[in-house]
Amino acid sequence: MANAAYDLLTAEARNDPYPVLGRLRNDRPVTFSEQLQAWIVTSYTDLRCGLAAPAVSADRISPRLAQFPKSERNRFVPLYEILSRWPLMLDHGEHARLRTPIARAMTPATVAGFRELIRDTARSMLCEGVERGGMDIIAELALPLPLSVTSRILGVPDDAINLLKRCAVDIVDFFGADPPAYLPRAAAAMEAVLLTSDLLRPIVRARRETPRHDLLSTLAGDPALSDDDIVAICLMMVFAGFETTSNLIGNGILLLLQHPEQHAAVLQDRGLIRGAVKEALRYESPVQRISRLTTGPITLRGTRIEQGNLVYFHAGAANRDPAVFPHPDRFDIGRGSDRHLAFGYSVHTCPGSTLAQAEAEIVLDELCRVAPTVRLADEPIRWRMNLSVRSLESLPVTFV
């Protein structure tokens, strides 16, 4: 039985993890959780040290599979083989080999070229909601917009979007599960990953023969990348680009509407939107914890973590560390939150962070233009029960 003061699996902690994370950061900043079968690291300084340590690997699939019953591990080899090719799961040379073409394809200039698409899509979705007098921000904006944008960037057909969504949701549900739920969540994720991979492979082959103006064609034109490499990159981009961005959009709108004085400030001066997005990333980190595997012993704050351990570097806790962010439980769009760790740290900082921030900034700007009188509906706020991400089940609003 876990000590209730440090239990992250209660319904209360899953709805609001920050009191528990604060106690862990103050009392047990580096601690092993029997419940999660992993180490939890919660202070800002320890996250930066740990995420940059040479003996810490980005491989987060091997230690999870090692927690499965031995009789079940071979069943999930196909899931391992695909996810282990993701650049965010790789280290050193292999990580650089696959990340480099992504960086070349996703330059700031490239992202800027998608701003009009993002703005038009956001405006259309918001205008439809205004005409109806209300909308669910999550189901009708925060989820479909990033998925639509990511699909267009990749060059995936519209009729594949629902499968891409299922794939992203099932993967994040697996990574965000507690150990007793690993097997059913892994089974769902593997089915979705295999279906999506089968969908993408013929598209990759077609782009090699007949390139278009999309990311898939750019990747397919790189002779150093195999079809399996490209499929893995696309799956990773769907997962990261969809889940993180949708959470950021939903959380950012919720926070502004929960703080009317700051919403009013943004309405008066939309130049504050960039700071509002950065503060939303800090205050309600879309990705709460960053999983890593120790490939050798490491020592953090005098505590030794041996080789072969799963470690959760908790960005949600680090981003509210009072040693770095004064009054961390106060949402303040003027704070200047550039030091947040919501997109990770060191060589594995999220390559899609520029696009995610651009999408959130454009959505907030369009919300101010199209619906300045938006209000939260009189319904309880419901958070998804997921240990890895901070995301809303729904966010009903009205336009008055």
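The values are calculated or read from the model by the stated rules, or taken from the named source; none is laboratory data. Quantities reported herein were computed from a predicted structural model and do not represent experimental measurements. Neighbour counts run over all protein chains shown; Cβ positions are idealised from the backbone, glycine included.
Things worth noting here:
- For region 272-305, filtering for residues that are of a type in the set (Lys, Arg), crowded, with 20+ Cβ neighbours inside 10 Å and under 28 Å from TRP39 (Cβ atoms) leaves 3.
- Helices (runs of 4 or more DSSP H) (entirely within region 108-192) containing at least 2 residues that are closer than 16 Å to VAL370 by Cα and among the charged types (D, E, K, R): 115-132
- Any hit, region 225-236, residues being acidic (Asp, Glu), buried (at least 21 other Cβ atoms within 10 Å of the Cβ) and closer than 22 Å to MET106 by Cβ: no
- Hits in region 226-265 - residues which are closer than 19 Å to TYR80 by Cα and either over 24 Å from the mean Cα position of the chain (by Cα) or not β-branched (Val, Ile, Thr) (or both): SER226, ASP227, ASP228, ASP229, ALA232, CYS234, LEU235, MET236, MET237, PHE239, ALA240
- Any pair with Cβ under 6 angstrom, 6 or more apart, that starts in region 31-45 at a residue that is at pLDDT 95 or above and ends at one that is hydroxyl-bearing (Ser, Thr, Tyr): ALA38/TYR312; ILE40/THR31; ILE40/SER33; ILE40/TYR312
- Evaluation of THR45 against the conditions (1) among the polar types (S, T, N, Q); (2) farther than 22 Å from PRO179 by Cβ; (3) buried (at least 17 other Cβ atoms within 10 Å of the Cβ) shows that the sole unmet condition is (3).
- Restricting attention to region 106-156, the residues that are among the aliphatic types (A, V, I, L, M) and surrounded by fewer than 20 Cβ atoms within 10 Å (Cβ to Cβ) add up to 6.
- Of all residues in region 318-339, those that are modelled with pLDDT of 95 or more have Cβ atoms under 8 Å from Cβ atoms of residues that are part of a loop (DSSP other than H, G, I, E, B) and surrounded by fewer than 12 Cβ atoms within 10 Å (Cβ to Cβ), 6 or more apart or on another chain, in ARG320/ASP329.
- Residue that is nearest to PRO17 (Cα to Cα), among those in region 30-76 that are part of a helix (DSSP H, G or I) and among the hydrophobic types (A, V, I, L, M, F, W, C): LEU47
- Contact annotation: residue pairs with Cβ atoms under 9 Å, 6 or more positions apart or on different chains, pairing a residue in region 84-112 that is more than 16 Å from SER217 (Cα to Cα) with a partner that is part of a loop (DSSP other than H, G, I, E, B) and among the charged types (D, E, K, R), are SER84/ASP59; LEU88/ARG60; MET89/ASP59; MET89/ARG60; LEU90/ASP59; ASP91/ASP59; GLU94/ARG85.
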